[in-house]
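Below: one structure, written as structure tokens.
The values are calculated or read from the model by the stated rules, or taken from the named source; none is laboratory data. Everything numeric here is computed off the predicted structure, so don't read it as measured data. All Cβ positions, glycine included, derive from the backbone under ideal geometry; neighbour counts span all protein chains shown.
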Amino acid sequence: MDIPEIRNLVISNLSSTTNSRTNILSCSCVSKAWLQTCLPYLWHEFDLRKFNKHQLRLRHQGIINNAHLIRHLSLEHMQFYEVHPHLQNCVLPYCRALQRIEITEAWNSVYDSGVARDRSEKDRLRLREWADIAALVQQNPQLQEFRIENSNVWTPPVAFWKALAEDIPALRSLQILRATIGQGGISSAGSNISHSVGGNTSNSSAAGSSNSNDGSEPGEDMVLDLFLAICDRVEELHLDAVLFTRVKTERWINGPTFSHLKKLTYFGRSTMQFELFYKALDAPGLRELTWGSSYRAMVQPAIIALILTPEIVKRRLALEVLDLQEVMPFEDRELQLILMSLSRPLLALQVKDSGFGTQALKELLQPRPSWTQWGAGSGFAGELMACHGSTIHTLNLQGCITVTSKMVQKLLQGCPQLEVFAAWEIKAVDILSAQIDRRRYDHAWMRPAWACRKLRQLEVFISVFTSLQEVWRLEAAQEYRAYPFATTTTLAAMTLPSLSAAAGGLEWSANGVGSPSMEDPPSPPSLIESERQLHSAVYRELAQLTGLEKLEIGKWRLATEYNQNPAEEQGLDLQLSSGLGALAGLTRLRELDFRNTPQYLGEQDVIWMAEHFCGMSESDGVRLRGRFVGRHIQRHRELEVLFKNVQQRGMPSVAERS
């Protein structure tokens, strides 16, 4: 084990596992040789935002000694000046092999900080920071990703843009959130201030080297051209609330071409912001498109959707990933037109809080003759034409209130490559109905599965009972007698025609109600029996998803529902008596979320979960979310302690005992 190649192989495998940092730290304590092997992995990513002034002082020398190993550096605006004033002179000069830089800013910006300074001093401090950032960029020519996020809209000086455009040939990803491209506010125009970081000097007076003839401030057109030059080189571009001045240079009018762009994340509201977005849509290699903002939009979302839809449709994009975030809810017809216009099938679709409905669903599952080349390996027996549903592996419809339970069932059955799925709700009666429908097939291999067996993440509230449960008990007795297999149907979920189709040749009388070929049909099941069969049906299907890593069956509530009773609808009961034992085969499960569903678990139920879902103890963070015993907080805490104790003791699973 003292061979360097073996040590590297062990550490590289550990780095891809859950809780990898703890495991690598343990290996670094074996010997000096192991320590030297582990150091590059331990220092690969370094986040200065996690340390306060005292912690940085204690780790100061260690950071300096290992700064050359850092590849991904994360820090916060003004951190060096507010928390550790001399750190920028002691640490940054040693970071010369960075591949990714991420700079964020808390909402308590420099103008709202607790340090007493007048505005002019804070402006000079901001200029000094931009100069230090430019110097940091210049000394890392291998930089591939750069992300900067501001809580206020700042104006980076020319020196910053020159460093990104001219000194970083390997830059592939640029992410700018809340900034102004041009001059104004805090800028370096007319300033002779020079700042140095580790001996590198960045002179902010370079902004005055260019003048515009249309009344713009000095350097404004230079900044825009430098920014567009960067856009022509990067493969990933993320612009959120980036403002442009009114200058339109020749390069803006004739370009840019976005010749290397593959992934675009964008949000804007002004005319120039839309104009740049349309130019980026013409990128020949664009494969991933995200429209949305992490900040609250101040305009009417529906208006923007109406503007963007025809622009996206007429370009017939060859997208693989489409993400229309919840900041702008597209309507059902608009989503249908966008899906119809795409020139190739999607691999991922996320339309949270949108109007996704029957029209978009139809287009998602509609085969196309021109997509034959993508039909191979789609999972459809004898299918020669592909559709979006045959290739899609990620589908997020969370918050789409127009997506019904039956639509969820149809999507789970119609997407054979699905790995990640999120939706609002699916009713247990629809799951049972699908099981009944599958009995019509003579051969098991012909029966459509309830969901794709490749699912790794499933996020959907499973409603076991509805408000129509009592209606079923009182009024659906005739339907039950006509078809005894439908023991748990409701009038809303399974009507007479659907029962007739499921019965397969059952004789119905003229008034719509018939009787099977038996003299004494059984009486309707009790509510307890209905509950048992519903849970059995759900657990039977979930047990087939052996590749699940995340299962979220909690109730997702609207903001207007937070003052209501979270237990208005009964979710899946996680008790052994209800069928929880059927999930023993989900050995890969890492996260289970059952929040907002009333549970009344006992000690045996909790012990079983701790033994069989042992993967949750190996993962970082909280992987079991929900209350074991409804609103009884004290009892829940006792069971939570029991769950953790069983996992810490490492009790053997059932398979190991046998």
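Descriptive notes on the structure:
- Residue 368 falls short on exactly one of the conditions (1) within 26 Å of the chain's Cα centre (by Cα); (2) at pLDDT 75 or above, and that condition is (1).
- Taking strands (runs of 3 or more DSSP E) as the structural unit, those lying wholly within segment 84-200 and holding at least 1 residues that are at pLDDT below 90 and surrounded by fewer than 16 Cβ atoms within 10 Å (Cβ to Cβ) correspond to 145-154, 194-197.
- For first residues located in segment 297-323 and crowded, with 19+ Cβ neighbours inside 10 Å, partners that are modelled with pLDDT under 90 and not in a loop (DSSP other than H, G, I, E, B) and lie 6+ apart or on another chain with Cβ distances below 6 Å do not occur.
- Scope segment 600-628; condition assigned to a loop (DSSP other than H, G, I, E, B), modelled with pLDDT of 85 or more and of a type outside the set (A, V, I, L, M, F, W, C); matching residues: 602
- Subset of segment 259-284 [within 26 Å of the chain's Cα centre (by Cα), within 15 Å of residue 173 (Cα to Cα) and of a type outside the set (Lys, Arg)]: 260, 261, 264, 265, 266, 280
- Residue pairs whose Cβ atoms lie under 9 Å apart, sitting 6 or more positions apart in sequence or on different chains, and linking a residue in segment 578-590 that is within 10 Å of residue 613 (Cα to Cα) to a partner that is of a type in the set (Phe, Trp, Tyr), are 583/539; 583/613; 584/608; 586/613; 587/613; 589/613; 590/613.
- Residue check for residue 253: over 27 Å from residue 225 (Cβ atoms), assigned to a helix (DSSP H, G or I) and either modelled with pLDDT under 95 or not aromatic (Phe, Trp, Tyr) (or both): no
- Residue check for residue 435: touching a Phe, Trp or Tyr at 6+ places or on another chain (Cβ under 9 Å), modelled with pLDDT under 90 and closer than 28 Å to residue 345 by Cα: no
- Checking segment 643-658 against the condition returns no match, with no residue being modelled with pLDDT under 85, part of a helix (DSSP H, G or I) and within 24 Å of residue 461 (Cα to Cα).
- Residue, modelled with the lowest pLDDT, within segment 20-75, restricted to residues that are of a type in the set (Lys, Arg), within 32 Å of the chain's Cα centre (by Cα) and under 25 Å from residue 7 (Cβ atoms): 21
- Output for segment 29-50, where each listed residue is surrounded by 18 or more Cβ atoms within 10 Å (Cβ to Cβ) and either more than 19 Å from residue 96 (Cβ to Cβ) or among the hydroxyl-bearing types (Ser, Thr, Tyr) (or both): 34, 37, 38, 41
- Residue that is surrounded by the fewest Cβ atoms within 10 Å (Cβ to Cβ), among those in segment 391-409 that are in a helix (DSSP H, G or I) and not aliphatic (A, V, I, L, M): 406
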